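Before any comments, here is the structure.
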Amino acid sequence: MKMEYNKYVYTKKWFNENTDLKNHLHTFIDTKQKLTILEIGCYEGLCSCYFSDNYLEHKDSNLYCVDPFYEIKTVSNLTEKLFLNNLMKSKHRVKIIPKKISSQEFFENIDTDLTFDIIYVDGDHSDHAIQGDIKNCFKHVKQNSIIWFDDYVPCKSIIDSELKKYNHRFTVIFKNYQLGIKIL
């Protein structure tokens, strides 16, 4: 699965050719089936565009992009503008639902019956936020869904600690800098 980087504008190439998600997630997913995807933490939208260009082929597939775009060290007004401009260039932009809110607010306000086939967690890296994201992700997945964590290595202790509560509900399908789990 490829990404046309020259098509998008970005200041950081964190979501590059060597990203575990890009190189491995497709081996666990039929990208032609209907997929409901949630991306927590979108930054400039390179991952969002990758999902749009490669995973939203089915007519009923969609992608929820959740990011509050709080101004912090790596996020500025430019970040959100780049995100929105990049989304407009993506293949299936009409299937993308951007939400400028925190993941906590998103989960508090969605339909309790909404479930996701793929959840990519790359939002707030504080212990409290990671705990909340994991708890909420497990409320909104079904059998065979995949939860994929970016920055697993630096957040390993808190992710592992929180996942212990759900040991019986998943199996690890990928473990490197990122972590992928499949719901049983």
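The values are calculated or read from the model by the stated rules, or taken from the named source; none is laboratory data. All of these numbers come straight from a predicted model, not from anything done at the bench. Backbone-built Cβ (ideal geometry, glycine too); neighbour counts: all protein chains shown. Ligands, DNA and RNA are stripped out before the accessible areas are found, and what is left, the full protein with its side chains, is counted by its heavy atoms. Shrake-Rupley method; radii C 1.70, N 1.55, O 1.52, S 1.80 Å.
The share of accessible area on the stretch 73-184 that comes from carbon and sulfur is 50 percent, using a 1.4 angstrom probe.
In nm², what is the average projected area of the convex hull enclosing the Cα atoms of the chain? Write out the running numbers ahead of the final one.
Values: hull surface 38.4 nm².
With every direction weighted equally, the projected area is 9.6 nm².
Note on Lys135 and Lys32: their simple-model spin labels are 4.1 nm apart, each label 7 Å out from Cα toward Cβ.
Name the residue farthest towards the positive end of the dipole of the stretch 30-184 from the options Cys65, Ile158, Val94, assuming +1 on Cβ of Lys and Arg, -1 on Cβ of Asp and Glu, about the Cα centre. The listed residue farthest towards the positive side: Val94. Using Cβ point charges alone (K and R +1, D and E -1), the dipole size of the chain about the Cα centre works out to roughly 440 debye. Work from the charge dipole of the stretch 103-184 (Cβ charges, +1 for Lys and Arg, -1 for Asp and Glu, about the Cα centre) and give the residue of Gly180, Asn136, Asn109 farthest towards its positive end. Result: Gly180, furthest along the dipole toward the positive end. Computed per residue of the chain from DSSP H runs no shorter than four, each worth -39500 (n - 2.57), the mean residue ellipticity at 222 nm is -9500 deg cm²/dmol. Computed from the Cβ-Cβ distance with R0 of 22 Å, the FRET efficiency linking Asn167 to Leu114 stands at 0.35.
Restricting attention to the chain, close to 35% of DSSP beta bridges with both partner residues there are antiparallel. Measuring r between the beta carbons of Val9 and Val94 and using R0 = 35 Å, the FRET efficiency lands at 0.95.
A 1.4 Å probe run over the protein chains yields, for the chain, 51 Å² of accessible area per residue, whole-number rounding.
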